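Read through the structure below, which is laid out as structure tokens, and then see the notes.
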Amino acid sequence: MILTKIEIDSGGSPFPKPVVLVGSVVDGLPNFITVAWFNRMSRSPNVWGACVGKTKHTLQGINENRTFSVNFPSTDLVKETDYCGIHSGMEVDKSKIFDVFYGELESAPMINGCPVTAECTLTELIDMSTHYLVLGEVKHLYSEEKYMTDGVLDQKKLNLLIFTNPARQYWTLGEVVADAYSIGKSYDV
Ligand SMILES: Cc1cc2nc3c(=O)[nH]c(=O)nc-3n(C[C@H](O)[C@H](O)[C@H](O)COP(=O)(O)O)c2cc1C
């Protein structure tokens, strides 16, 4: 086989990622960090992981309270989301940007304007040299009836922000291609 590919920047991450706002209470005020390095880590318990730079202000609140929130912004919050990603709570007060509410954990600030929000308890901080992988168990997940179809979350209605590299742009989801765990059954080997 001949190598027909060209080698590209191996330090990048070409895959599209959901962008979330991770919230914590720092020195008595809610603070939010924009995070694109985010994923689900385990099913039961339902553990989510966010990679947070070691110098980030939000990390202080996560450490202190052992709780944090994960908020999924729609495209209408693109300016606010980007603002939280280019300004640190160490320089600006980000507590008034969003209408904030608290759930049962009482110390994980969630954003009313986000269609899906979660409150998590910190389970582990894993040292990743430049970042900590912040692992948290989802204790409560919230949404609203208007984002659902037949009782389940509808991605079209959520209209969540997607972050892409290397262009560093926010996108929205496109069209459904096929049903997962299903279309493959019709593949003829
Ligand atoms: C689109 C986007 C994605 C980002 N993803 C991450 C990330 O995954 N992890 C991280 O530590 N910082 C990320 N950042 C940078 C932080 O959001 C930024 O440094 C922020 O100001 C930190 O806020 P804080 O110091 O108040 O916690 C991202 C920024 C943008 C604009």
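Every number in this text was worked out from the coordinates using simple rules, so none of it is lab data. These numbers were taken from a predicted model, which means no experiment stands behind them. Virtual Cβ from ideal backbone geometry, glycine too; neighbours counted across all protein chains shown.
Tabulated data for the structure shown
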| item | result |
| --- | --- |
| Subset of region 57-101 (residues that are more than 13 Å from N31 (Cβ to Cβ) and of a type outside the set (V, I, T)) | R66, F72, P73, S74, D76, L77, K79, E80, D82, D99, F101 |
| Single residue of region 24-41 satisfying the filter (without any contact (Cβ under 8 Å) to a residue 60 or more places away in the chain and more than 26 Å from T172 (Cα to Cα)) that is surrounded by the most Cβ atoms within 10 Å (Cβ to Cβ) | D27 |
| Among residues of region 59-97, those that are charged (D, E, K, R), surrounded by fewer than 23 Cβ atoms within 10 Å (Cβ to Cβ) and within 12 Å of the ligand (Cβ to nearest atom), counted | 5 |
| Residues of region 10-50 classified as touching a strand residue (DSSP E or B) at 6+ places or on another chain (Cβ under 7 Å) and either within 10 Å of the ligand (Cβ to nearest atom) or of a type outside the set (V, I, T) (or both), total | 26 |
| Matching option when the condition is on the phi < 0 side of the Ramachandran plot and in contact with a strand residue (DSSP E or B) (Cβ under 7 Å, 6 or more places away or on another chain), among V152, V138, V176 | V138 |
| Which listed residue is within 23 Å of W37 (Cβ to Cβ), touching a Phe, Trp or Tyr at 6+ places or on another chain (Cβ under 7 Å), away from the ligand (no atom under 16 Å from the Cβ) and touching a residue at least 24 places away in the same chain (Cβ under 8 Å), from L153, L141, L160, L125 | L153 |
| Neighbours by Cβ (under 8 Å, 6+ apart or cross-chain): first from region 51-72, over 30 Å from Y147 (Cα atoms); second in a helix (DSSP H, G or I) | G53/L59 |
| Some residue of region 145-157 being of a type in the set (S, T, N, Q), surrounded by 14 or more Cβ atoms within 10 Å (Cβ to Cβ) and farther than 18 Å from D76 by Cβ | no |
| Tabulated pairs, region 7-19, first touching a residue at least 40 places away in the same chain (Cβ under 8 Å), second aromatic (F, W, Y), C-beta under 6 angstrom, 6+ apart or interchain | K17/F163; V19/F163 |
